[in-house]
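S.K.: Sending over a structure as structure tokens; questions will come in a sec.
A short reminder: the numbers here are calculations on the coordinates, not readings from a lab. Because the structure is predicted, anything quoted here is derived from the model rather than measured. All Cβ positions, even for glycine, are placed from backbone atoms using ideal geometry, and neighbour counts span all protein chains on display.
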Amino acid sequence: MINRLLLTLKVQTIRQKVFAYLAALGVMGGLSFAWVWGSSLHDRLGSAAGLSAMEQAVLILGVALWVGGAAWGMHRLVLRPMGMLKDFASSALLQEGVAGALAGRSDEFGDVARAVVGALKETSSSNEQLRTLAMTDSLTGLGNRNHFKDRLSRALEAGDENSNRVALVVLDLDNFKGINDMLGHEMGDELLRLVGHELQDNSRKTDTVARLSADEFALIVDPVERVETVVALAQRILEALSLPRVLGRTEVHPGVSIGITVFPHDGRDAETLMKNADLALYRAKAEGRGNIQLFRHELQLRAIERNAIERDLRIALQQEQFELYYQPKVDMQTGMVRGAEALLRWNHPERGLVPPDMFIPIAEQNGLIVDISRWVIRQACEQNRKWQDEGLPKISVAVNVSALDLRRRDLSDLIANTLIQSRLSPQFLEIEVTESMVMHDVEAVIGTLRRLRSLGVGIGIDDFGTGYSSLAYLKRFPVKCLKIDRSFIRDMTSDLDGQAIPRLVIDLARSLGVKVVAEGVETRLHLDLLRGMGCDEAQGYYFGRPMPADEFAVFLDRAQEGLIPDAKPVPLLENDGPALLEKPSVA
């Protein structure tokens, strides 16, 4: 506003100067005419023909000088300075020569030029600051996603022109959410700043470091002479970020997974390279986290396959292509079938029977697992009630739930309503969760499990010994049984050391007052060893494979005398009478 007012005042001053100049020229011209015509003005007033040749020449010269002077003055004082002012003021990039020539003038145009130059420089500085802010992550001070895309595009263009290779490294913290939930967002932000410093310290000056999202970072390694150099750089970052960190008063182990892709071998444009780096990162997490994966074209094929499975899963839910198989759990002392584990199978119209490890992880990631779990729980309860109505022995059926299910506060309500609708007593339903699953968001999980246990539903921890649970937390869980992972049962027959973990788990279960179930029992030797250790129940191919509901009903009917020849059958359940569930009050 001030600069505009200054410009207006200067233009008005210029106009006054031009008018004064023209007036001076008019006075000079009038005196010339008066001198020429003064002596015979009265005689020659009517005609110019009476003028002498000398007088005519002076008259013509005077008029020419007046017109030429006016034109020169107009150009010198107005047109030329304003043209130069327009040239540099309307240009985004000020021409130094033109700006210097105008700004060096001592007249009003010089003042205007200096004012305009100052205003433009001030605007240019403000715009530069805005561009810097738009390209910077406010938390870590690194470049943000916009900065990263811009630098990646430039690196690829330069790499294409110079035939150089460029590497894209994408990394993601493995346990950021848990740390954020446990210590709070301030400590989480502090961890992100530490990660940013580590990335800058372990990368080269020519590399670009950026923060793409919450806990996802990226590096552009440019140029790349050997891929091994990039892997070594990623390894240094992996080792640095795997070291324990102290946040506040708490020591944390963040960990990181890294994906790498290289231009031009893996792709020639930024979008393709970003997708490939994400695929490599996803593979690193799927391999157990805390590792580095280079992009391979097989990963792209897997991604296509994954998208196809995700699409078909939605159709499977609509068309009820799922089926439950049941594997028996046998009492080790009596040989009686005490229960069964419900195992999900997918009857795909083209792929055939799809095992759960191929589609359950995908369902957990896209949220379809919620609808699938609801179907499994309802189907297992209805099938168990149907067996009881047919007069078969009353057994419990165990259903696996996911981590996403456990975080739902309405899980206990869902199960209670399902039990009521299927007319099944809660003592005949068990919920199995994996050991690592219950250690995420522990307090919320404990609350959910306690509500389920208050209904009378049994709680079992599956694959016990393979996770990282704390015994301090374990005694707080309302657990009914622990299941020893099949990998420990398989190693029992190799040497005495292989028997140490099963024996330890059995002793731990006894001290906690819970039942122990061994998975993967496939031989008589497994059975005898576990019976000698005092294991309660066993599950495995030695007794029976997973079977469809109709086959399991026949199996259950034939197994009423027991499945272990030297074991003496006893009644299956102490409370063998029918028990209908009343509507429970769920906290």
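S.K.: Which of the GluC sites (Glu not before Pro) found in the range 169-237 are loop residues per DSSP with 13 or fewer other Cβ atoms within 10 Å of their Cβ?
M.R.: In loop regions of the range 169-237 (DSSP not H, G, I, E or B), the sparsely surrounded GluC sites (Glu not before Pro) are GLU225.
S.K.: Right, something else. How do ARG408, ARG314 rank when sorted from fewest to most other Cβ atoms within 10 Å of their own Cβ?
M.R.: Sorted ascending by nearby Cβ count, the order is ARG314, ARG408.
S.K.: Loop-only check: which GluC sites (Glu not before Pro) in the range 274-314 are DSSP coil with at most 11 other Cβ within 10 angstrom?
M.R.: Listed in order of number, the matching sites amount to none.
S.K.: On to the next question. Loop-only check: which chymotrypsin sites (Phe, Trp or Tyr not before Pro) in the range 305-406 are DSSP coil with at most 13 other Cβ within 10 angstrom?
M.R.: In loop regions of the range 305-406 (DSSP not H, G, I, E or B), there are no sparsely surrounded chymotrypsin sites (Phe, Trp or Tyr not before Pro).
S.K.: With θ set to phi - 60°, apply the Karplus curve 6.51 cos²θ - 1.76 cosθ + 1.60 along the range 224-233 and write out the HN-Hα couplings as whole Hz, x wherever there is a Gly or Pro.
M.R.: Going residue by residue, I get 10, 8, 9, 5, 4, 5, 5, 5, 5, 4 Hz, with x marking Gly and Pro.
S.K.: Still on this structure: May I ask you to sort LYS480, LYS205 by Cβ crowding, counting other Cβ atoms within 10 Å and putting the fewest first?
M.R.: LYS205, LYS480
S.K.: Arranged by the count of other C-beta atoms within 10 angstrom, fewest first, what order do LEU353, LEU299 take?
M.R.: Details: LEU353 10, LEU299 21.
Going from sparsest to densest Cβ surroundings: LEU353, LEU299.
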